[in-house]
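Student: Quick one: structure below, then a few questions.
The values are calculated or read from the model by the stated rules, or taken from the named source; none is laboratory data. Computed from a prediction, not measured in an experiment: that's the story for all the values here. For neighbour counting, all protein chains shown are included, and Cβ atoms are generated from backbone atoms with ideal geometry for every residue, glycine included. We work out accessible area using only protein heavy atoms, side chains counted, and drop any ligands, DNA or RNA first. Shrake-Rupley method; radii C 1.70, N 1.55, O 1.52, S 1.80 Å.
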Amino acid sequence: MTTETIFDKIINREIPTEIVFENDSVLGFKDINPQAPIHVLFIPKTRIPTINDLTDEQKHIVGDLYLAARDYAKQIGEDENGYRVIMNCNENGQQTVFHIHLHFLAGRQMTWPPG
Ligand code: 5GP
């Protein structure tokens with residue numbers, strides 16, 4: 001059993017959150033500290049702490065997150081302009097919430113390399 005995070009409270013609607021996307025396996029909501037004009041987090045409804053904890057049987061979950069990002073980008077009309085999706089892992093990746101999530105950033109020109 002993995003440790004509960006703030007994202008479980010969001011899944012269970014226990015804290016106010018601006019939810020922008022939902023299907024059977026994925027929830028998408030606005031980041032509380034946005035790093036771009038559009039900053040949404042796509043999370044699996046299943047609790048998985050880090051990418052390292054993903055099992056081969058769970059590979060569809062990662063696909064579901066990307067398909068959610070694809071559909072959301074099209075829905076808000078940012079698919080052609082473009083966007084960035086990122087998943088941080090552990091300390092060097094600067095992961096702070098240990099429930100995997102795909103950051104979706106859009107609405108401005110991104111730069112490379114990332115900080
Ligand atoms: P990480 O640093 O783990 O890659 O990303 C965690 C993200 O979750 C951060 O961008 C942070 O702003 C966001 N976050 C943390 N707590 C909350 C919260 O209670 N509500 C929302 N909407 N976002 C949160």
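Student: Within region 95-115, how many residues are out of contact with any strand residue (DSSP E or B) (no Cβ under 8 Å at 6 or more places or on another chain) and surrounded by 11 or more Cβ atoms within 10 Å (Cβ to Cβ)? Step through it out loud before you land on a result.
Tutor: Our first condition is that a residue be out of contact with any strand residue (DSSP E or B) (no Cβ under 8 Å at 6 or more places or on another chain); within region 95-115, this holds for 95-98, 108-109, 111-113, 115.
Now restrict to residues that are surrounded by 11 or more Cβ atoms within 10 Å (Cβ to Cβ): 95, 97-98, 108.
Looking only at that region, the number is 4.
Student: Right, another one. Take the residues in region 35-59 that are open to solvent by 50 Å² or more (accessible area, probe 1.4 Å) and within 15 Å of the ligand (Cβ to nearest atom), then tell me which one is farthest from Gln95 (Cα to Cα). Spell out the reasoning first.
Tutor: Narrowing region 35-59 to residues open to solvent by 50 Å² or more (accessible area, probe 1.4 Å): 35, 37, 45-47, 51-53, 55-57, 59.
Those left that are additionally within 15 Å of the ligand (Cβ to nearest atom): 35, 37, 47, 51-53.
Details: Gln35: 15, Pro37: 21, Arg47: 15, Ile51: 10, Asn52: 12, Asp53: 14 Å.
By that ranking, first place goes to Pro37.
Student: If the Cβ limit is 7 Å and pairs must be 6+ apart or interchain, which residue in region 82-97 that is in contact (Cβ under 8 Å) with a residue 24 or more places away in the chain pairs with which residue that is of a type in the set (Ser, Thr, Tyr) and within 9 Å of the ligand (Cβ to nearest atom)?
Tutor: Once the first residue is in contact (Cβ under 8 Å) with a residue 24 or more places away in the chain and sits in region 82-97, its partners that are of a type in the set (Ser, Thr, Tyr) and within 9 Å of the ligand (Cβ to nearest atom) give Val97/Thr5.
Student: Of the residues that make up region 60-83, is at least one crowded, with 17+ Cβ neighbours inside 10 Å and touching an Asp or Glu at 6+ places or on another chain (Cβ under 7 Å)?
Tutor: yes
Student: Collect the residues in region 47-94 that are touching a strand residue (DSSP E or B) at 6+ places or on another chain (Cβ under 8 Å) and of a type in the set (Asp, Glu), keeping them in residue-number order.
Tutor: Residues satisfying the conditions are Asp64, Asp71, Glu78.
Student: Still on this structure: Is region 90-110 home to any residue that is among the aromatic types (Phe, Trp, Tyr) and within 15 Å of the ligand (Cβ to nearest atom)? Quick ask: steps written out before the conclusion?
Tutor: Taking region 90-110 first, the residues among the aromatic types (Phe, Trp, Tyr) are 98, 104.
Now drop any that are not within 15 Å of the ligand (Cβ to nearest atom), which leaves 98, 104.
Yes.
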